[in-house]
1. So, in the range 100-112, exactly how many residues are crowded, with 16+ Cβ neighbours inside 10 Å and either in contact with a Pro (Cβ under 8 Å, 6 or more places away or on another chain) or of a type in the set (A, V, I, L, M) (or both)?
2. Does Thr214 qualify as being without any contact (Cβ under 8 Å) to a residue 40 or more places away in the chain and under 23 Å from the mean Cα position of the chain (by Cα)?
3. Which of the residues belonging to the range 25-35 are over 14 Å from Arg61 (Cβ atoms) and over 17 Å from the mean Cα position of the chain (by Cα)?
4. Considering the range 111-137 alone, what residues qualify as being touching a helix residue (DSSP H, G or I) at 6+ places or on another chain (Cβ under 9 Å) and over 24 Å from Phe169 (Cα atoms)?
5. May I ask you to say which residue of Gly25, Gly39, Gly16 is at pLDDT 95 or above, surrounded by fewer than 20 Cβ atoms within 10 Å (Cβ to Cβ) and under 22 Å from Leu128 (Cα atoms)?
6. Could you run through the range 178-201 and say how many residues are within 18 Å of Pro48 (Cβ to Cβ) and either touching a Lys or Arg at 6+ places or on another chain (Cβ under 6 Å) or among the β-branched types (Val, Ile, Thr) (or both)?
Amino acid sequence: MTGETATDRVVWRVTGADRFTFLQGLVSNDVLPLAKAPGIRWAALLTPQGKYLADFFVIRRADSDDLLIDIAAPLAADTLKRLGLYRLRADVQITPCDLPVTRGLGPCPAQGFDDPRHPALGWRGYGLAPDVAGGPPLIDWDAIRVAHAIPESGIELVPNDTYLLEAGFERLHGVDFRKGCYVGQEVTARMKHKTELRKGLITLGIAGSAPPGTVIAADGKDAGVLFTQSNGLALAHLRFDRLAAPLTAGDARLWALPEAQ
């Protein structure tokens, strides 16, 4: 049950009478259930045009009515500034919090939460006891992400470029289509109900390697972009109609896995 410290994460505390409705009107997932019980939600903040800006976890612990936001450190400053612009007259305060983030595999500790994205991602905890909190990061999260097509901020999730549904947010429980309006909701809903996705994040087989961001070619035509690679697999943002063609990225050769064909 011992976890590892997530040194690449930042935690904020969200307080004030409007904390639930404030976030509910901004993010892609439904956070109002946290007003009734402890829990964790994974959600994204979008542009009005429906493009990804940041993703984070929203948490309510059993011992507090406050909310926590667990976000990747490189996204923290810009996201906090944007949330401040939306605050207006809402009774909401967002302040730094020194609770360490712990993540691990195996049984979830009593005060932890199962990662809401996928069972393979284990659990997360905030301010856990020292015997659970563990030490430096040792788990190969990239291998887990690649195997299950789970995007990471700053790699597969590109601010002002990525669309949630193409990145797998619906499959990973990061978007709710019944919660009502939020920033970027109209575009996201239209992609869900009025169009068929023609490209998206997918796990491919790979022989060789190429830097993340390398363009994938299919019969000489651009087909997508290569991202994280691990154990003979790779994450790619790819046009689905190019899956059957021979795929290359730099010197690497790629192919569709049987379940993706």
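1. Selection size over the range 100-112: 2.
2. yes
3. Within the range 25-35, Gly25, Leu32, Pro33 meet the criteria.
4. Gln111, Gly127
5. Result of the check over Gly25, Gly39, Gly16: Gly39.
6. The number of residues fulfilling the criteria is 3.
The values are calculated or read from the model by the stated rules, or taken from the named source; none is laboratory data. Treat the numbers as computed from the prediction; the structure is a model and nothing was measured. Don't worry about glycine lacking a Cβ; one is built from the backbone with ideal geometry, like all the others, and counts go over all protein chains shown.
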